[in-house]
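Remarks on the structure that follows.
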Amino acid sequence: SKSALILCACTVAFSLIAEVLVDTVDVVVQELGIREKLVGLTLFALVPNVTEFMNAIAFAIQNNIALSIEISNAYTVQVALLQIPILVFFSAFYGVPDFVRPPAGLRAVVARVMAASVSGSADGHLPTDPSAYVFALLFPLWDVIAILFCVFLLTYMLIEGKANYFKGSILCLSYFVWMVSYLFEPIRHQGSE
């Protein structure tokens with residue numbers, strides 16, 4: 001019972017810290033001129049998984065490479081098979097604001113709760129097209145190339161069933177190259193594809 005209480009307290013503290021982090025990202029992005037995608041691929045991709053990375057490193061140091069690789073692969077499978085489908089379904093049912101499509105049923109309750117936390121309405125600054133609020137899995141070409149490259153690298157890592165420092169350095173270097181490439185990615189404007 002003490003462990004459950006500590007776990008609940010840490011979960012609440014982590015959610016409060018995450019809320020502060022999300023609220024301050026817009027200010028940091030605007031002040032420093034950093035792209036949101038770069039922040040998402042570095043800060044939001046690395047910080048929540050620090051404990052998994054530390055466990056993977058600890059097991060690798062103890063020469064348990066298989067478990068170390070499995071820890072990182074398990075998170076990838078979790079994102080692909082659980083988190084992304086939940087985001088797609090949630091955005092399809094609850095993502096469109098009230099001024100675009102009037103809510104009904106359970107959606108009305110959620111919309112009222114969300115409207116209490118969001119100020120403003122359709123004042124001309126927010127898009128009125130419902131597709132602007134739905135996570136549709138339509139990615140720009142550069143993101144698709146990055147995903148395919150990552151799948152290729154993961155396959156390269158797992159096909160032999162063993163790892164060494166060379167493969168680890170290839171993974172770290174490729175991550176760094178992709179982060180730098182997102183700094184120089186062409187800016188897409190709305191309506192251009």
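Coordinate-derived values only; no laboratory data. Here the structure is a predicted model, which is why all the values come from computation and not from measurement. Glycine also receives a Cβ, built like all others from the backbone with ideal geometry; neighbour counts cover every protein chain displayed.
Odds and ends about this structure:
- Cα gyration tensor shape for region 31-98, rounded if a/c is under 1.5, else prolate or oblate: oblate
- Once the mean of 1/r is taken over each pair of separate Cα atoms and inverted, region 1-70 shows a Kirkwood hydrodynamic radius of 14.6 Å.
- Net charge of the neighbourhood of Val29, taken over other residues with C-beta under 9 Å away and scored Lys/Arg +1, Asp/Glu -1, is -2.
- Per-residue packing, averaged as other Cβ atoms within 10 Å, sorts the ranges 62-68, 15-21 into the order 62-68, 15-21, beginning with the highest.
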